[in-house]
């Protein structure tokens, strides 16, 4: 059995030192390629950096997309190499709000956090806070990579 480890954080480019930490984490996760699956929100930014580096080391990466299909995913992350994902999970087309990306991101957040065994928070903003609260509500183990800014360094943890 492989443990599913969610990586949740800023979906935008961060400062170089934060990106370096994310990439280093991805490299380190490679040591556990036979024991883990990395879950991300199939977004750009910090989770993508971690997932990309982990994929290079042979870690299986699952992306929980806020889109309903591959074309939508490619439009959502045009600069990302989506071949890092061994599995992409989409929002169901019959979801009442599937055409609203903002709402679909929250759907994706709940489903991805429900499907992981533990999560790591890196940097982030409101979406990451949403993922943190879901992880907490679901009783998941949560790690926080501090000194990365944003949600990860907020004083409420």
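None of the figures in this text is laboratory data; all of them are computed from the coordinates on show. Keep in mind the model is a prediction, meaning the values are calculated, not measured. Cβ: placed from backbone, ideal geometry, glycine included. Neighbour counts: every protein chain shown.
Taken along its three principal axes, the alpha carbon spread of the chain comes to 38, 35, 33 Å, from the longest extent down to the shortest. Listed from fewest to most Cβ neighbours within 10 Å, the set 40, 133, 68 follows the order 133, 68, 40. Here is how the number arises for the chain: DSSP H runs of 4 or more residues each give -39500 (n - 2.57), the sum is divided by the residue count, and the result at 222 nm is -11500 deg cm²/dmol. Here the simple spin-label model places points 7 Å from the Cα toward Cβ, and for residue 102 and residue 114 these points are separated by 2.3 nm. Here the Gaussian network model covers the chain, with springs between Cα atoms less than 10 Å apart; of 99, 44, 65, 99 fluctuates the most. In terms of its C-alpha gyration tensor, the range 51-104 comes out prolate, because a/c is 1.5 or above and the ratio a/b outweighs b/c.
Who wins for biggest fluctuation among 123, 104, 86 in a Gaussian network model of the chain, springs between alpha carbons below 10 Å? Comparing 123, 104, 86 in the GNM, the peak value goes to 86. Running a GNM on the chain with Cα contacts under 10 Å, which residue among 35, 106, 71 ends up with the highest mean-square fluctuation? Of the options given, 71 has the highest mean-square fluctuation.
Prolate is the label for the range 71-157. Its Cα gyration tensor axes, ordered a ≥ b ≥ c, give a/c of at least 1.5 and a/b above b/c.
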